[in-house]
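Working notes for the structure below.
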Amino acid sequence: MKIKRKLLAIMVMVLCIGAISGCAKKVEEGQDAEKLSAMAQDARTFVENLGSYDTEYVNAIVEQYEEEDNSAMAESWLAWLDTKEEVGDFVEVTDAFAEIKDSQYIATVTATFTKRPMEISIICDKKGIITNMEFNPEYTISENMGKAAVHTAIGMGTVFLVLIFISLVIGCFKYINEWERKAKEKSAPAPAPAAPALAAQPAAAPEEDLTDDLELVAVITAAIAASMGDDVPADGLVVRSIRRKPGAKWKRA
């Protein structure tokens, strides 16, 4: 069964390559308009047949391309399987045209399917060999708006989640600092016992200022000598003590 599927896949590949090769060959002969028209017609036929391929048949084609290490075509057929579930069954081809762009032959076919229309691009090289296929379903405005809203919600949700995470990290800084402070206090050595305070020395008594007393003694001695006249010399007087007499008259002088 597997050999039959591979044979069918090879036959399809040969038919596709032969059809596109014939068109490319005509382009090289200089009749561009006619060859591009023929290429568009071949692409139309290819898309009509494409809609009738079941999943088992497409998988056989994918296996054949994988054995040939042609990953581009294998991925193209796998993309068709995914797109087929989205667009539904083939209905009809509404438009088909071909053009030469960047040294490649590109046939674009617009087809209608049961769920939605789709644009199919078949890309060939100069030899007419199919190198890639692109499938572009057409979505309504409401569907595009819905997808845009979903993408916007996902993007904004991601941004808010990141901001919340950053705020939580910043809020944890104070706990981290407190933990570091406690860790430093635990690891710090115990403080040495303070030395006993020295006994307070009694303050020295202020030295008595005798300057005013000597002057007072001199004044009193002179007054006494004056009152006694010339009988007693001033240097013969000796003041042994000074006492304040209450009610002294000299206070009222």
Suppose the filter is closer than 17 Å to Thr45 by Cβ and open to solvent by 20 Å² or more (accessible area, probe 1.4 Å); does Thr112 pass it? yes
Within segment 93-107, residues being surrounded by fewer than 15 Cβ atoms within 10 Å (Cβ to Cβ) and either at pLDDT below 85 or touching a helix residue (DSSP H, G or I) at 6+ places or on another chain (Cβ under 8 Å) (or both) number 5
For segment 137-145, does any single residue satisfy the condition of being surrounded by fewer than 14 Cβ atoms within 10 Å (Cβ to Cβ), hydrophobic (A, V, I, L, M, F, W, C) and under 43 Å from the mean Cα position of the chain (by Cα)? yes
Scanning segment 127-147 residue by residue, the ones that are part of a loop (DSSP other than H, G, I, E, B) and either among the aromatic types (Phe, Trp, Tyr) or at pLDDT 90 or above (or both) total 1
Return only the number of the condition from (1) over 28 Å from Ala38 (Cβ atoms); (2) among the hydrophobic types (A, V, I, L, M, F, W, C); (3) touching a helix residue (DSSP H, G or I) at 6+ places or on another chain (Cβ under 6 Å) that Phe165 does not satisfy. (3)
Tell me, please, whether a residue that is without any contact (Cβ under 8 Å) to a residue 40 or more places away in the chain, open to solvent by less than 60 Å² (accessible area, probe 1.4 Å), under 22 Å from Asn70 (Cβ atoms) and part of a strand (DSSP E or B) can be found in segment 118-126. yes
Among residues of segment 39-77 being among the hydroxyl-bearing types (Ser, Thr, Tyr) and either under 20 Å from Gln104 (Cβ atoms) or more than 46 Å from the chain's Cα centre (by Cα) (or both), the residue least open to solvent (accessible area, probe 1.4 Å) is Ser76
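The values are calculated or read from the model by the stated rules, or taken from the named source; none is laboratory data. Keep in mind that this is a model prediction, so the values were computed, not measured. Glycine also receives a Cβ, built like all others from the backbone with ideal geometry; neighbour counts cover every protein chain displayed. Surface accessibility is based on the protein's heavy atoms, side chains included, excluding ligands, DNA and RNA. Shrake-Rupley method; radii C 1.70, N 1.55, O 1.52, S 1.80 Å.
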